[in-house]
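To keep things clear, I will list the structure first and then write my remarks on it.
The values are calculated or read from the model by the stated rules, or taken from the named source; none is laboratory data. The model shown is predicted, which means the values in this text are computed figures rather than measured ones. Backbone-built Cβ (ideal geometry, glycine too); neighbour counts: all protein chains shown. Surface areas here come from the heavy atoms of the whole protein model, side chains and all, with no ligands, DNA or RNA. Shrake-Rupley method; radii C 1.70, N 1.55, O 1.52, S 1.80 Å.
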Amino acid sequence: MRLGAKVTGSWGPGLVAAAAMLLWMLAARLWLRVLSPIELLADWIIPRIPLSWFEMGLSLLGGYAKPLLYLLGLGATLLLGALLGVAYSRLQYQLSMRARSRLAEALVVALLLFTGLVLLPLTGQGIFGVASSAGMLRTLAYYLPAYLIFAAVLVLAHPLPAGDADPGRRRVLRCGLQGGGALLLLAAAGPVLGRLLSRMTLTSVTANAEGMPAPVTPVGTFYNVSKNALDPRVDAAKWRLNVGGMVQSPFALSLDEIRALPSIEKMHTLQCISNPIGGNLIGNAEWQGFPLRDLLQRAGVQQGVVDIKLTSEDGYTESIPLPKAMEPGTLLVYDMNGEPLTYKHGAPLRLLVPNIYGMKNAKWITSIEAVAEDFKGYWQRQGWSDVAIYQTMSQLRAPSTQTRVVEGQSTEVGGIAFAGSRGIQKVEWSADGGRSWREAELLPELTEVDTWRFWQAEWSPEQAGNATLMVRATDGEGRTQTDEQNPTLPDGATGYHSLEVRVTAREPATGG
Ligand SMILES: Nc1nc2c(c(=O)[nH]1)N[C@H]1C(S)=C(S)[C@@H](COP(=O)(O)O)O[C@H]1N2
Ligand SMILES: [Mo]
């Protein structure tokens, strides 16, 4: 019988143990390049979130949705740790130090087994991570220390059995360990979190992007979208592109072999399907690469192939119909604006598909397979468009909010228009909220197809007050964009972009 032995467990030790384990998981994530369980679960859950919830989450939280999901994962891990800790502290009061270590060892083994046999296979990484890009050894080198840290901190953070010798000295030791540990945790947390935050891929959407963009978007300001918290940094020396599936002769190529293939340069505009009307998730760059069909012809696509399926380093999957894959403008590219692709934009190799939203322009490609089914990719499984053809869009980028618009004085109005490979035939603008339309001047095309088109017009507002500017484009096939307002989900936003402008009264003549 122990005097005053608590029968209720305490949650503190489990919480601290989970925090220490998380710190390891987040730090080791960067150099071992093993996905943390939070990322694995997020990848597993996101495509399974019903589309309507997803839409609600996005409209409520916007760009914060993704970081919040990961924060939720961190919170859930701390909670789980705390609960395990409570269970442990209830048990441990009856145990000797030796039995406690046994219990801690059993905990480590149980966590490892759960990870290796449930979590990793469930999230597509294979038993003990054999199918993951990190491989089994690195996966173990990641999880084993994590659980050892958890168990060790859990044991050390509890008071020692009362019956043990020299409680005074032990208490001092324990306090020292706990204090030192806490200090270490705090000291390490800052840099680790800082590193992680600086590498996180956060998508910022600004509806009503302002100012005429540069015709070719610099890499540094090119929009960035990915499903990941941390994008893969592929080791180019080890990377191979596998071409296989239903082909006569599958093969694999190294990056050097790929760069040695005959290449072309092409300007190509990318836009995300989640770009809202007037938004900034669009950019144009000069890319270098080669047609995907060169590889498919070399492999020999068999009869009955429907889709070309792409798999990426981050577990992303996509597909395009075989005829699309065989178009000469469907490219695999490795350079962007004359420099090797940065890792955020898909290094070492990404796809560019004419006329199809950014979603299908897979980054970090590792394998290309010919398949006999209409394969549904990462976002299609959730309900996003599978054809994902660019909606015809146009935007007002000028005048900016800084521009002073004065009654009777000429003001520059202008912006961009884009309709994928259909091109832009005509842009019209309105200064009265769409009641009357005038044709804008189209600037010369940057390339024949697949790039955005700039437009401009002179506007001399006739009266002071508020005016509603609007724009609409007609694609190369003669179809004017629809004024029907549709959200980005599932087919890409539609509707006209408009801008409220305050027209100030003409200056009274001076010196009169
Ligand atoms: N492997 C992979 N490829 C991907 C994605 C991704 O999450 N993983 N996101 C897609 C989406 S939704 C878009 S809009 C474009 C964005 O490309 P960018 O970041 O180079 O602009 O990449 C696409 N390719
Ligand atoms: Mo996208």
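What the table below lists for this structure:
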read-out: Residue match in region 292-302 (condition: within 15 Å of ligand 1 (Cβ to nearest atom), assigned to a strand (DSSP E or B) and over 23 Å from ASN228 (Cβ atoms)); value: no
read-out: Considering residues of region 333-374 that are over 21 Å from TYR223 (Cβ atoms) and assigned to a strand (DSSP E or B) only, the residue farthest from ligand 2 (Cβ to nearest atom); value: ALA370
read-out: Strands (runs of 3 or more DSSP E) completely within region 227-288 that count 1 or more residues being open to solvent by less than 30 Å² (accessible area, probe 1.4 Å) and of a type in the set (S, T, N, Q); value: 264-271
read-out: Test for LEU255: is it modelled with pLDDT under 95, of a type in the set (A, V, I, L, M) and either away from ligand 1 (no atom under 16 Å from the Cβ) or over 23 Å from the mean Cα position of the chain (by Cα) (or both); value: no
read-out: Any pair with Cβ under 9 angstrom, 6 or more apart, that starts in region 184-207 at a residue that is within 16 Å of ligand 2 (Cβ to nearest atom) and ends at one that is acidic (Asp, Glu); value: THR201/ASP231
read-out: Whichever residue in region 333-387 is within 16 Å of the chain's Cα centre (by Cα) and open to solvent by 30 Å² or more (accessible area, probe 1.4 Å) and, among such residues, is farthest from ligand 1 (Cβ to nearest atom); value: TYR343
read-out: Residue match in region 435-446 (condition: in contact with a Gly (Cβ under 9 Å, 6 or more places away or on another chain), under 30 Å from ASN466 (Cα atoms) and touching a residue at least 24 places away in the same chain (Cβ under 8 Å)); value: yes
read-out: Considering residues of region 390-404 that are out of contact with any Gly (no Cβ under 8 Å at 6 or more places or on another chain) and surrounded by fewer than 18 Cβ atoms within 10 Å (Cβ to Cβ) only, the residue nearest to GLY420 (Cα to Cα); value: THR401
read-out: Residue within region 201-209 that is surrounded by 14 or more Cβ atoms within 10 Å (Cβ to Cβ), modelled with pLDDT of 80 or more and at positive phi present; value: yes
read-out: Identity of the residue in region 314-332, charged (D, E, K, R) and under 19 Å from the mean Cα position of the chain (by Cα), that ends up nearest to ligand 2 (Cβ to nearest atom); value: GLU318
read-out: Residues of region 440-469 classified as at positive phi and either open to solvent by 40 Å² or more (accessible area, probe 1.4 Å) or not in a strand (DSSP E or B) (or both), total; value: 1
